[in-house]
Each structure stands twice: as C-alpha cells, then as structure tokens.
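Encoded as structure tokens, the structure appears first; notes follow it.
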Amino acid sequence: MIFSKIKVLRSHGKQYIPDLNDVTLTEEFRGRPVLTPTDDMSDVEAAATLCPTQALSVAPFTLDLGRCLFCGECALRAPKNIRFTNDYKLGSTSREALVVTPQTEKIEFHPENIRPEIPQLFSHALKLRQVSAGGDASVEMELNATGNVNFDFGRYGVEFTASPRHSDGVVITGPISKNMAEPLDICYKAIPDPKIVIVCGSEACSGGLFSESKAVDRSFIENNRVDLWLPGAPTHPMTFIDGVMNITGKKQR
C-alpha cells in the first residue's frame, strides 16, 4: 500500500519552486514592456486613445505601469512600438520608477529609499496584514497564492496575519474607496512601529479605472509613506515575492 503511494508522489515530481530567485515565467506573461519609438507614431497615438487609464503617453513616449492594466491592447495596436516581456520584476520603492520610457531596460528598485530598520528587523520574519480597500479580489487571490505549495513564501518567514496588532506592515489592494478609507487608517494605526506600507496592484498604485471616481478616497496614500510599489492587474505572485525579498534585504535586484 505505501509503495503505491510513494510511486504516485514520485510521478508528480516537485510541486514547489525550489529557488524563488531563479524563476522564469512563460513567454505569454505580460510583464515589463519595451518601448521602441519610430518615425511614424500614429499607431501609438491610436493605442493611447484606447487606453482606459491613460497609462500610455505619446509625447513623451511613456507607459506608466502604476496605471497600466496589462490588457495588451496597446501592443496589439502598435506592435512595432510596444512589446511586453515576461520580466516580472516590476516593483520599486519609487513611484516614478514605474514609468517606462524607451530607455528603460529594467525597473529600477532604488534600494537607497529603503529605511534602514526594514532589513534590520524584518529580514528573517515579516508578518503582513492585507487590506482589500475596494478591490475586486483578483490581486487578493494572487497574494493568497504566494503561500501555496508552488511558491511557499512562508519558508522565507513572510506570511499574512489576521490581526494588524500581530503584523509588521500592511498590504493595500484596491483603489481605496471612501467606505474603506477609515478602516484602512484604523488598521494602519493598530500596527506597531516601525511598519511597512506596500501598495499592490495598479488600482492601489494609482486608482486604476476608478482614479477619477468620487467614490474613491486616496488621502491615505497622500498622507503616509509607501515603502513598496507593486504594479499589476492583478499582481503576479513572483512580482510580490521579488519586491518583498528586495526590500527586506533577502536579495538584491
């Protein structure tokens, strides 16, 4: 009986990723875009009119990942000018670093912005409280995936907790609706100092599709320091893992 079960387990192979620092995503994944200007930018102009979040700009030619929904429509409309790679290392300590230009070869993490106490205190263990501030559950599902059998981020000491009083920081998803602005602030204040603030997903970075909505209140982002910006719609687990490992000093991009 036991030998048959061992045989089945061996046939399945390894279900987890042995090294989270050595991961290559499928070519179909839409990650860091590459922008190539040409003499005729009419296709880019047409693509910019299609962009529902105004993430794409023609003059100057830029693509703001903090606004981008990664729908890929701009690349379909202007294939000579816009191409998405499978580079998932999109997070940064700087909001401005998320704006891709034709000169961008990688998303700069800017480690100089990391507060010294973060790697000193949280390099071995980091407990986070996730707050869905009006999110659609897509980013939240990807964050749940970071702890599954494939990624098993908990082996690095990074886990989500049920209470802000047991947390070292907050992970914000969603555009931050007015109804969630006060609960988010209450949660943040309940976390003991020093604490980390991570915004995860394009909606959290900029408001996304709802940035101009009267039902959105972005005052928390304006009044508090954000330690890590993670774009994506939704954010891939490896984007979250890479960003957190960099900010806690577990790796250097």
**Request:** Would you be able to say whether some residue in the stretch 93-107 is over 27 Å from Thr146 (Cα atoms), buried (at least 19 other Cβ atoms within 10 Å of the Cβ), of a type outside the set (A, V, I, L, M, F, W, C) and at pLDDT 95 or above?
**Result:** no
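Starting from residues that are among the hydrophobic types (A, V, I, L, M, F, W, C) and in a helix (DSSP H, G or I), keep the ones in the stretch 11-53 and report whichever is farthest from Phe153 (Cα to Cα). Walk me through it before giving the result.
Going residue by residue through the stretch 11-53, those that are among the hydrophobic types (A, V, I, L, M, F, W, C) are 17, 20, 23, 25, 29, 34-35, 41, 44, 46-48, 50-51.
Imposing the further condition that a residue be in a helix (DSSP H, G or I) reduces the set to 44, 46-48, 50.
On the way: Val44: 39, Ala46: 41, Ala47: 37, Ala48: 37, Leu50: 37 Å.
Of everything passing the filter in the stretch 11-53, Ala46 is farthest from Phe153 (Cα to Cα).
For the stretch 171-229, what are the residues that are closer than 26 Å to Leu121 by Cα, in contact (Cβ under 8 Å) with a residue 12 or more places away in the chain and in a loop (DSSP other than H, G, I, E, B)?
Taking the stretch 171-229 and keeping what is closer than 26 Å to Leu121 by Cα, we get 171-173, 184-201, 204-205, 220-229.
Now drop any that are not in contact (Cβ under 8 Å) with a residue 12 or more places away in the chain, which leaves 171-173, 184-185, 187-188, 190-192, 194-201, 204-205, 220-221, 224-229.
Passing the criteria: Ile191, Pro192, Pro194, Lys195, Gly201, Asn224, Arg225, Val226, Asp227.
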**Asked** Looking at the stretch 108-135, which of the residues that are aliphatic (A, V, I, L, M) and more than 21 Å from Leu184 (Cβ to Cβ) is nearest to the chain's Cα centre (by Cα)?
**Response** Ile114
**Message:** If I filter the stretch 45-79 down to residues being within 20 Å of Leu90 (Cβ to Cβ) and of a type in the set (S, T, N, Q), which single residue comes out as surrounded by the most Cβ atoms within 10 Å (Cβ to Cβ)?
**Reply:** Thr53
**Near pairs, Cβ below 6 angstrom, 6+ apart or cross-chain, from the stretch 231-253 (on the phi > 0 side of the Ramachandran plot) to any residue that is of a type outside the set (Lys, Arg)** = Gly232/Gly201; Gly232/Thr239; Gly249/Pro119; Gly249/Ser123
**Fill in**
Matching residues in the stretch 195-232 (acidic (Asp, Glu) and within 13 Å of the chain's Cα centre (by Cα)) number 2
**Complete:** Among Glu108, Glu140, the single one that is among the charged types (D, E, K, R) and closer than 22 Å to Asn21 by Cβ is Glu108
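Here's the yes/no breakdown for (1) of a type in the set (Gly, Ala, Ser); (2) over 17 Å from Gly134 (Cβ atoms); (3) touching a Phe, Trp or Tyr at 6+ places or on another chain (Cβ under 6 Å):
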{"residue": "Tyr188", "(1), (2), (3)": "no, no, no"}
{"residue": "Asp193", "(1), (2), (3)": "no, yes, no"}
{"residue": "Glu203", "(1), (2), (3)": "no, no, no"}
{"residue": "Ser211", "(1), (2), (3)": "yes, no, no"}
**Prompt:** Does the stretch 140-158 hold any residues that are among the β-branched types (Val, Ile, Thr) and part of a loop (DSSP other than H, G, I, E, B), and which are they?
**Reply:** Thr146, Val149
**Fill in**
Among (1) surrounded by 13 or more Cβ atoms within 10 Å (Cβ to Cβ); (2) touching a Pro at 6+ places or on another chain (Cβ under 9 Å), Arg30 falls short only on (2)
**Message:** Cβ contacts < 8 Å: first residue of a type in the set (D, E, K, R) and crowded, with 16+ Cβ neighbours inside 10 Å, restricted to the stretch 136-155; second residue at pLDDT 95 or above and part of a loop (DSSP other than H, G, I, E, B), any location; separation 6+ or different chain. Result?
**Reply:** Asp136/Gly174; Glu142/Gly232; Glu142/Pro234; Glu142/Thr235; Glu142/His236
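Report whether or not Phe84 is over 30 Å from Asp193 (Cα atoms), touching a Lys or Arg at 6+ places or on another chain (Cβ under 6 Å) and touching a residue at least 24 places away in the same chain (Cβ under 8 Å). First the steps, then the outcome.
Numbers: over 30 Å from Asp193 (Cα atoms): yes; touching a Lys or Arg at 6+ places or on another chain (Cβ under 6 Å): yes; touching a residue at least 24 places away in the same chain (Cβ under 8 Å): yes.
When the stated conditions are applied, Phe84 passes them.
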**Request:** Just name the residue that is surrounded by the most Cβ atoms within 10 Å (Cβ to Cβ) out of those in the stretch 169-196 that are within 21 Å of Cys68 (Cα to Cα) and either modelled with pLDDT under 95 or β-branched (Val, Ile, Thr) (or both).
**Result:** Ile172
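The values are calculated or read from the model by the stated rules, or taken from the named source; none is laboratory data. The structure presented is a predicted model; accordingly, all values stated were derived computationally and were not measured. Counting neighbours? That spans all protein chains shown, and the Cβs are built from the backbone with ideal geometry, glycine included.
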